[in-house]
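Read the structure below first, then the notes.
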Amino acid sequence: MDYEKLAELLFPETDKLPSHYETMYPERNLPEGAMVTRLGPSPTGFIHLGNLYGAFIDERMAVLSKGIVYLRIEDTDDKRYVKGAEKMLLDSLSYFDIKFDEGITPEGEEGAYGPYHQSRRKEIYSCYVKELVKKGFAYPCFLTEEEISIIREEQTRLKLVTGIYGEYAKSEKLTFKEVEERIALNLPYVVRLKAQGSPFNLKILRVKDGIRGELAMPENFLHIVLLKQNGMPTYHLAHVVDDHLMRTTHVVRGAEWLSSLPVHLELFSKFGFEPPQYCHTPQLMKLSDNNTKRKLSKRLDPELSLLYYRQEGFHKDCVREYLMTLLNSDYEQWRKENPNKPLSDFPFSIEKMKSADALIDLNKLCDISKDVLLGKDVNEIYEFFKDWAFEFNRDIKGWFKDESFMKAILNIGREGEKPRKDLIYAKQIAGHISYFFEDGLREQEDVPENIKDDDILVLLSEYLKTYNHSDDRSEWFNKIREISEKNGYAGKPKDFKNEPEKYKGHVGDVSTLIRLSLTGRRESPDLWEIQQILGEEKTKGRIRNYMTGREQNA
């Protein structure tokens with residue numbers, strides 16, 4: 001076979017040589033040890049936690065090494081393309097504060113190594129595949145879908161690995177004349193890699209993975225597709241060419257790509273490229289109902305989608321903090337020793353990453369969120385909560401008419417020696433503070449069991465008579481104690497506990513009744529502080545309304 005002639009037959013319009021692109025995309029001028037990383041998602045419309053997980057690693061590696069992190073869109077598969085997916089991707093990554101030095105941005109492409117959309121690099125891929133054909137490392141394959149299906153059925157029956165290789169790679173044996181005749185008939189074809197391995201005499205490759213250490217795996221023997229019938233590349237080809245030309249030093253990707261690593265290393269070898277350091281991340285898992293681990297599912301687990309965290313309203317810093325606990329095992333100890341330092345100060349390293357499955361635990365995320373939000377200024381929490389409401393819960397936009405009122409609500413119980421950790425994520429915050437707003441008052445909870453029905457209106461009526469909005473916390477509570485004792489309730493809970501037969505209940509029951517009449521809840525932050533925020537008029541008005549409701553239902 002005259003491979004030069006075959007290459008010209010297949011790529012008559014491809015006139016550039018690889019040397020042209022090597023000059024166009026030179027080695028980057030970066031400090032020694034600087035890492036060049038990238039995120040390469042497909043615009044499918046589903047942005048998942050794995051994208052953020054990988055992007056976070058990419059960002060940390062590049063920033064800490066004074067390198068470059070870029071965003072490339074791998075959009076060569078028209079069937080998977082979803083309109084608007086790219087904007088959704090950019091919005092999600094921006095929300096979680098992932099910043100790229102170059103590549104795709106909301107304003108367009110930025111950087112000297114573009115285009116950063118693979119769909120716009122078709123002529124580059126053709127050039128490099130043409131070079132493989134010239135060297136006898138690739139060939140046109142005219143097998144139809146029906147023929148491939150028959151081959152697969154036979155291989156399955158014989159219990160062989162399915163795919164095109166060995167005797168099944170029938171187009172590899174075609175002569176130049178036979179290829180020429182088929183092309184003259186406009187028969188569709190793909191271009192396949194002529195793999196060097198054999199399934200019957202496999203060599204073992206030894207590869208060092210940045211996370212998993214040394215790996216042993218069989219060499220590739222499959223004649224995988226490089227260019228599809230429409231001339232567009234497969235992921236296998238496109239990422240190898242692009243990672244080389246964009247001078248990527250480290251490729252962070254999911255464990256599902258481990259089985260394809262021999263193919264990619266073979267392509268790097270056949271092109272004569274230095275391969276990047278591959279870093280295969282752990283699989284993201286969760287505990288199932290029967291307490292066993294399983295892989296996160298797009299169908300079953302909403303928390304796999306990044307949109308879930310935005311809709312629920314998890315602050316970006318809470319999610320980043322949580323992810324770091326998954327990435328480096330010593331992070332939590334570092335955080336204990338450095339509670340006020342920014343996450344960026346942590347010496348993240350891929351060498352400290354575990355290859356074991358990463359367990360996604362929403363309860364742990366919530367615990368971390370409590371601590372992170374407690375450490376934030378109320379002004380920042382207000383802006384964060386407002387932004388979430390205006391995007392995801394427009395029904396509560398009216399809550400933000402009085403900024404000082406809302407900030408007082410968000411700051412309740414957060415100061416002092418033992419601050420409350422009531423704020424977790426925006427949707428939870430909305431439910432937690434809803435009683436401050438008339439449209440957020442929910443159905444009343446039950447009155448404490450120790451409060452007699454006949455006492456409800458009496459206790460609340462006396463509370464209104466003695467209420468003075470200017471009372472300090474001590475004066476206010478002493479009045480509740482006096483009302484309690486006057487009506488047969490112990491002034492101290494321990495008195496009731498010691499002599500229950502002597503009292504109807506205790507002062508805690510009475511204060512819970514007052515809390516219920518104001519908030520509709522038996523539990524809430526400090527009641528005195530709630531009244532101070534509501535103001536005297538609202539405080540008295542709510543108690544009167546509650547009393548009226550009790551009278552009507554009596």
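The values are calculated or read from the model by the stated rules, or taken from the named source; none is laboratory data. Remember, it's a predicted structure, so these values are computed and weren't measured experimentally. A quick note on method: Cβ atoms are made from the backbone with ideal geometry, for glycine too, and the neighbour counts reach across all protein chains shown. Accessible surface areas use protein heavy atoms only, side chains included; no ligands, DNA or RNA. Shrake-Rupley method; radii C 1.70, N 1.55, O 1.52, S 1.80 Å.
Before moving on, here are some points about what is shown:
- Note on Glu214 and Arg294: the extension gain reaches 26.2 nm, defined as 0.36 nm multiplied by sequence separation minus the Cα-Cα distance.
- When every Cα-Cα distance of region 66-144 is counted in 10 angstrom steps from zero, the calculated P(r) takes the values 15, 35, 29, 16, 5 percent.
- Size of region 1-83 as Cα extents on the principal axes (Å, biggest first): 48, 39, 22
- Expressed to the nearest 5 percent, the antiparallel share of DSSP beta bridges inside the chain is 55 percent.
- Here the Debye sum runs over all C-alpha atoms of the chain as equal scatterers in vacuum, and log10 of I(q)/I(0) at q = 0.07, 0.08, 0.13 Å⁻¹ comes out as -0.59, -0.70, -1.31.
- A cut-off of 5 Å between modelled amide H atoms, ignoring neighbours fewer than 5 places along the same chain, links His250 with Val36, Gln277.
- Longest segment of the chain lacking GluC sites (Glu not before Pro) that sit in a DSSP loop with at most 13 other Cβ atoms within 10 Å: 108-414
- Accessible-area order (highest first, 1.4 angstrom probe) of the listed residues Val241, Val161: Val161, Val241
- Stretch gain in nm, segment Lys486-Thr162, where the contour uses 0.36 nm per residue and the Cα spacing is subtracted: 108.0 nm
- Length gained when the stretch Glu449-Glu110 is fully extended (0.36 nm per residue, less Cα-Cα span): 115.4 nm
- Loop-located chymotrypsin sites (Phe, Trp or Tyr not before Pro) across region 133-212 with a Cβ neighbour count of 12 or fewer within 10 Å are Phe200, with loop assigned by DSSP.
- Rounded to the nearest 10 square angstrom, Cys141 shows an accessible area of 0 square angstrom against a 1.4 Å probe.
- Accessible area, probe 1.4 Å, largest first, for residues Leu423, Leu17: Leu17, Leu423
- Per-selection Rg to Rh, region 191-316 - Cα, Kirkwood hydrodynamic radius: 1.06
- Amide hydrogen proximity for Gly103: with H placed 1.01 Å from N in the peptide plane, the residues at 5 or more positions away or on another chain lying under 5 Å are Leu71, Glu110, Gly111.
- Close amide-amide hydrogen proximity is noted between Leu226 and Val191, Arg192, Leu193, each under 5 Å apart and 5 or more residues distant or on a separate chain (H modeled in the peptide plane; Pro and chain starts excluded).
- For region 95-106, backbone phi angles converted through the Karplus equation (6.51, -1.76, 1.60; θ = phi - 60°) give residue-by-residue couplings of 4, 8, 6, 8, 10, 10, 7, 7, x, 7, 10, x Hz, Gly and Pro being listed as x.
- Excluding same-chain neighbours fewer than eight residues apart, the lysines reachable from Lys452 by a Cα-Cα span under 19 Å are Lys486, Lys492, Lys497, Lys502, Lys504.
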